[in-house]
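K.L.:
There's a structure below that I have some questions on.
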Number of protein chains: 2
Amino acid sequence: MYFCINLYKDMTRSEENYIKTIFHLGNKGTEAVATNAIAELMETKPSSVTDMVKKLSEKDLVNYKRYQGVSLTELGTKTALGIIRKHRLWEVFLVDKLDFSWDEVHEVAEQLEHIKSDKLIDKLDALLNYPKFDPHGDPIPDKNGAFKHGDRKLLSELPVESKGICVGVKDSSTAFLKFLDKNKIALGDEITILEKEEFDSSFYIKIGNRREHISNQIASNLYIKIS
Amino acid sequence: MYFCINLYKDMTRSEENYIKTIFHLGNKGTEAVATNAIAELMETKPSSVTDMVKKLSEKDLVNYKRYQGVSLTELGTKTALGIIRKHRLWEVFLVDKLDFSWDEVHEVAEQLEHIKSDKLIDKLDALLNYPKFDPHGDPIPDKNGAFKHGDRKLLSELPVESKGICVGVKDSSTAFLKFLDKNKIALGDEITILEKEEFDSSFYIKIGNRREHISNQIASNLYIKIS
DNA sequence: AATTAAATTTAGGTTCGTCTAAAAATTAAT
DNA sequence: ATTAATTTTTAGACGAACCTAAATTTAATT
């Protein structure tokens, strides 16, 4: 007698996108997410979200009680992690093998993440040498859905004189990534906080050998790992 | 004043599959294809085909007159070649970079061929070193849709004592490809026709240093390029 | 040429994922 | 604690892509 431990294999693209969104909005699916929040992020209408959420609930992918928001079930969480794993592996592929820049990968990875083939993903993982992080510093879940960041923190939350390595971005919009490129701030760079400007909450930092002045908006979107 | 020379970028997966099928069935889209033939190959119903064909006709991708079959317009042909290019490049990727065997690639390539990104395909082409043929020996159209086989012929159509290289398969079903693997017949092998058995139209061939006896069904699915 | 058979199309229906507009529940503000 | 504002859900509709069953056209056979 077998129990089915497999994930849903026959999900539609749309269902997968909802699951992914609920995961991202609800602290990895653990917290209940509002219908409106989902609708806004997915650029759809709240009524559409309600419809879909009911369907996902039927399939035991989400927990749902009317007017109380949605969270992921265990099955839903695993499904989300599978999709995120695919998305991030494809991003690494695009940057490492096809010379895409880190601000170009998202769109294409959004398509590639829905390709269904376990073998494809395992082999891709091997080709890329089992990467642990995607081009934006976000961790790649392993086959079982396990992953963790090191103990990274936002630059904006660190005290003066902190020193560490830039390991990720919180905002991975094209605009922000291009800004970082222009200002020669990249993952792997060593950063020291020299001074905090109380007036506008901006920061003076040392990056490599340069001294830079960055706004709070920038500082609160850069992840640093203390060394 | 510009004329639009671009291909349809906003086609659905289903539309793309119909276009591809019409291309394959109708001698590269040039000859009219029957509704029933399309339905059978796509495992759908003739009435569904009629519906879709009308839609494609609206978009000027096919020529269609009721009861008279369908053929591709120039736009439709270019679209088909774009999809086939993608399909075959992905097949090469799967075999060359991810160690898939040639009988495993079709299914996955069927999904990957619908990914929309010109840059992705150009870069993939470069990564693979601009291959001219896919793993089954089928030619890969270039960016402009141009391609040709060399002057390959089916083994079954060659006279005794012909000598050449095995360059492709006509039937690329899993069953046939696995049969070839089992019998150690691969693309690139040198083949000489030793004798033709009139009784059952089978062939005695020399392949590498071995002597093999192959049925007509095998012979009429192997492409040979005379050297 | 008339009849039968086969292929194709029409008509009407279904599911999926979306929408708008209106109703209901929850939350915030007086 | 009412009322007002917001969020969420229901009800009903629509396009895409499919289906079945019936009608129509073309092709094949007598």
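The values are calculated or read from the model by the stated rules, or taken from the named source; none is laboratory data. Note that this is a predicted model, so its numbers are computed, not measured. Backbone-built Cβ (ideal geometry, glycine too); neighbour counts: all protein chains shown.
K.L.:
Under 9 Å by Cβ, and 6 or more places apart or on different chains, what pairs join a residue from segment A:45-61 that is in contact (Cβ under 8 Å) with a residue 24 or more places away in the chain and under 16 Å from A:V33 (Cβ atoms) with one that is within 9 Å of DNA strand C (Cβ to nearest atom) and hydrophobic (A, V, I, L, M, F, W, C)?
P.N.:
Listed pairs, sorted by first residue: A:V49/A:A39; A:V49/A:M42; A:L61/A:M11.
K.L.:
A further question follows. Of A:L127, A:L180, A:L155, which residue is touching a Leu at 6+ places or on another chain (Cβ under 9 Å) and within 14 Å of chain B (Cβ to nearest Cβ)?
P.N.:
Just one listed residue meets the conditions, A:L127.
K.L.:
Restricting the search to segment B:43-82, which residues are within 9 Å of DNA strand D (Cβ to nearest atom) and among the charged types (D, E, K, R)?
P.N.:
Those that are within 9 Å of DNA strand D (Cβ to nearest atom) and among the charged types (D, E, K, R): B:E43, B:K45, B:D51, B:K55, B:K65, B:R66.
K.L.:
Would you point out the residue of segment B:61-71, among those that are within 12 Å of DNA strand C (Cβ to nearest atom) and either assigned to a loop (DSSP other than H, G, I, E, B) or among the polar types (S, T, N, Q) (or both), that is nearest to the other protein chains (Cβ to nearest Cβ)?
P.N.:
Restricting to residues being within 12 Å of DNA strand C (Cβ to nearest atom) and either assigned to a loop (DSSP other than H, G, I, E, B) or among the polar types (S, T, N, Q) (or both), the top hit is B:N63.
K.L.:
Name the residues in segment B:27-44 that are in a loop (DSSP other than H, G, I, E, B) and touching a helix residue (DSSP H, G or I) at 6+ places or on another chain (Cβ under 9 Å), would you?
P.N.:
Across segment B:27-44, the qualifying residues are B:K28, B:G29, B:T30, B:E31, B:A34, B:T44.
K.L.:
Does A:K196 qualify as being among the charged types (D, E, K, R) and more than 30 Å from A:G29 (Cα to Cα)?
P.N.:
Values: among the charged types (D, E, K, R): yes; more than 30 Å from A:G29 (Cα to Cα): yes.
Spelling it out, A:K196 is indeed among the charged types (D, E, K, R) and more than 30 Å from A:G29 (Cα to Cα).
K.L.:
Could you list, in sequence order, the residues of segment A:200-221 that are farther than 18 Å from A:F179 by Cβ and surrounded by 14 or more Cβ atoms within 10 Å (Cβ to Cβ)?
P.N.:
Residue satisfying the conditions is A:K206 alone.
K.L.:
Separate question: Please work out which one of (1) of a type outside the set (K, R); (2) away from DNA strand D (no atom under 13 Å from the Cβ); (3) more than 21 Å from A:D134 (Cβ to Cβ) is the condition A:N27 fails and give its number.
P.N.:
Of everything listed in (1) of a type outside the set (K, R); (2) away from DNA strand D (no atom under 13 Å from the Cβ); (3) more than 21 Å from A:D134 (Cβ to Cβ), A:N27 misses just condition (3).
K.L.:
Now, a different point. Looking at segment B:167-180, is at least one residue part of a loop (DSSP other than H, G, I, E, B), over 15 Å from the mean Cα position of the chain (by Cα) and without any contact (Cβ under 8 Å) to a residue 60 or more places away in the chain?
P.N.:
If we filter segment B:167-180 for residues that are part of a loop (DSSP other than H, G, I, E, B), which is where we start, we get B:170-173.
Subset that is over 15 Å from the mean Cα position of the chain (by Cα): none.
No; the residues of segment B:167-180 include none that is part of a loop (DSSP other than H, G, I, E, B), over 15 Å from the mean Cα position of the chain (by Cα) and without any contact (Cβ under 8 Å) to a residue 60 or more places away in the chain.
K.L.:
Might you check whether a residue that is among the hydroxyl-bearing types (S, T, Y) and within 14 Å of chain A (Cβ to nearest Cβ) occurs anywhere in segment B:112-119?
P.N.:
Yes; the residues of segment B:112-119 include at least one that is among the hydroxyl-bearing types (S, T, Y) and within 14 Å of chain A (Cβ to nearest Cβ).
K.L.:
Could you pull out the residue among A:I22, A:I38 that is of a type in the set (A, V, I, L, M) and under 13 Å from the mean Cα position of the chain (by Cα)?
P.N.:
Numbers: A:I38 fails: under 13 Å from the mean Cα position of the chain (by Cα).
Result: A:I22 is the single residue among A:I22, A:I38 that is of a type in the set (A, V, I, L, M) and under 13 Å from the mean Cα position of the chain (by Cα).
K.L.:
Any idea which residue in segment A:99-136 is nearest to A:F203 (Cα to Cα), counting only those that are small (G, A, S) and either surrounded by 20 or more Cβ atoms within 10 Å (Cβ to Cβ) or within 18 Å of the chain's Cα centre (by Cα) (or both)? Before the answer, list the steps.
P.N.:
Of all residues in segment A:99-136, those small (G, A, S) come to A:101, A:109, A:117, A:126.
Filter once more, keeping what is either surrounded by 20 or more Cβ atoms within 10 Å (Cβ to Cβ) or within 18 Å of the chain's Cα centre (by Cα) (or both): A:101, A:109.
Details: A:S101: 27, A:A109: 33 Å.
Filtering segment A:99-136 for residues that are small (G, A, S) and either surrounded by 20 or more Cβ atoms within 10 Å (Cβ to Cβ) or within 18 Å of the chain's Cα centre (by Cα) (or both), the one nearest to A:F203 (Cα to Cα) comes out as A:S101.
K.L.:
Let me ask something additional. Please indicate, with yes or no, whether at least one residue in segment B:18-41 is modelled with pLDDT of 95 or more, away from DNA strand C (no atom under 16 Å from the Cβ), within 14 Å of another protein chain (Cβ to nearest Cβ) and surrounded by 19 or more Cβ atoms within 10 Å (Cβ to Cβ).
P.N.:
No; the residues of segment B:18-41 include none that is modelled with pLDDT of 95 or more, away from DNA strand C (no atom under 16 Å from the Cβ), within 14 Å of another protein chain (Cβ to nearest Cβ) and surrounded by 19 or more Cβ atoms within 10 Å (Cβ to Cβ).
K.L.:
Taking segment B:126-148 on its own, how many of its residues are farther than 25 Å from B:C166 by Cβ and not in a loop (DSSP other than H, G, I, E, B)? I'd like the intermediate steps shown before the answer.
P.N.:
We begin by selecting, within segment B:126-148, every residue farther than 25 Å from B:C166 by Cβ; these are B:126-127, B:143-145.
This time we only want the ones that are not in a loop (DSSP other than H, G, I, E, B), so: B:126-127.
Counting residues in segment B:126-148 that are farther than 25 Å from B:C166 by Cβ and not in a loop (DSSP other than H, G, I, E, B) gives 2.
K.L.:
Look at B:L98 and say whether it is within 14 Å of chain A (Cβ to nearest Cβ), assigned to a loop (DSSP other than H, G, I, E, B) and of a type in the set (A, V, I, L, M, F, W, C). Break it down stepwise before answering.
P.N.:
Details: within 14 Å of chain A (Cβ to nearest Cβ): yes; assigned to a loop (DSSP other than H, G, I, E, B): yes; of a type in the set (A, V, I, L, M, F, W, C): yes.
Considered against the rule, which asks whether it is within 14 Å of chain A (Cβ to nearest Cβ), assigned to a loop (DSSP other than H, G, I, E, B) and of a type in the set (A, V, I, L, M, F, W, C), B:L98 comes out as yes.
K.L.:
One residue is enough: does segment A:72-95 have a residue meeting the conditions within 8 Å of another protein chain (Cβ to nearest Cβ) and either assigned to a loop (DSSP other than H, G, I, E, B) or touching a Phe, Trp or Tyr at 6+ places or on another chain (Cβ under 7 Å) (or both)?
P.N.:
Checked segment A:72-95: at least one residue is within 8 Å of another protein chain (Cβ to nearest Cβ) and either assigned to a loop (DSSP other than H, G, I, E, B) or touching a Phe, Trp or Tyr at 6+ places or on another chain (Cβ under 7 Å) (or both).
K.L.:
Checking A:S47 against (1) surrounded by 15 or more Cβ atoms within 10 Å (Cβ to Cβ); (2) outside any loop (DSSP other than H, G, I, E, B), which test does it fail?
P.N.:
Tallying (1) surrounded by 15 or more Cβ atoms within 10 Å (Cβ to Cβ); (2) outside any loop (DSSP other than H, G, I, E, B), A:S47 fails exactly one: (1).
K.L.:
I'd like to know if segment A:53-60 contains one or more residues that are more than 22 Å from the chain's Cα centre (by Cα), more than 14 Å from DNA strand C (Cβ to nearest atom) and more than 14 Å from every other protein chain (Cβ to nearest Cβ).
P.N.:
yes
K.L.:
What number of residues within segment B:187-199 satisfy the criterion of being surrounded by 13 or more Cβ atoms within 10 Å (Cβ to Cβ) and within 19 Å of the chain's Cα centre (by Cα)?
P.N.:
Number of matching residues: 1.
K.L.:
Continuing with the same structure: Of the conditions (1) more than 23 Å from B:K97 (Cα to Cα); (2) over 18 Å from the mean Cα position of the chain (by Cα), A:P139 clears all except one; give me its number.
P.N.:
Result: A:P139 passes all but (2).
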